[in-house]
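Down below is the structure, laid out as structure tokens.
The values are calculated or read from the model by the stated rules, or taken from the named source; none is laboratory data. As the structure is a prediction and not an experimental result, all values here were calculated from the model. To get the accessible areas, we keep the full protein, side chains included, count just its heavy atoms, and leave off ligands, DNA and RNA. Shrake-Rupley method; radii C 1.70, N 1.55, O 1.52, S 1.80 Å.
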Amino acid sequence: SDSPNAHKDWVRDVAWAPSLVPNHNRIASCGEDGQVLIWTQAATDAPWKAVLVKQFSEPVWRVSWSATGHILAVSSGDSTVTLWKEGLVDGTWIPMDAAGADEPEPALPPPPADSASVVSNSSRRMAPPPPPVDA
């Protein structure tokens, strides 16, 4: 490929994203060179364009899309799996743990008012089972 973001070593996996837009194609690729690339084609005869998601320090073995094609799972040689999502502003890919990092965590609902009785009831000893009946 003539793309400056083309893989420089063995390609280990390729995954075609589910398409929600007709004639818009998206493929993820990963390789021995540690690169994860997203290749997009805006129309059937349009050229493919590659964007570097991340340059990992280890080879990347697998890429897999979510059912909707919005999240990319990446399995790398450092024994980790990371999830990536396309940024809304500039189209760069960000790790899911960073996505929405500026947003506060949703508050957990308070426990039910009778939760103390649930705990105390669950900690009570149960009677042993009755002995078996001989037939």
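Need one word for the range 11-95: rounded, prolate or oblate. Basis is the Cα gyration tensor (sqrt eigenvalues a ≥ b ≥ c); a/c below 1.5 gives rounded, then a/b vs b/c decides. Cα axes put the range 11-95 in the prolate bin.
Within the straight-line cut-off of under 18 Å between alpha carbons, the lysines reachable from K8 are K49, K54, sequence neighbours fewer than 8 places apart in one chain being disregarded.
Using a probe of 1.4 Å, the accessible surface attributed to S66 totals some 30 Å² when neighbouring protein chains are kept in position.
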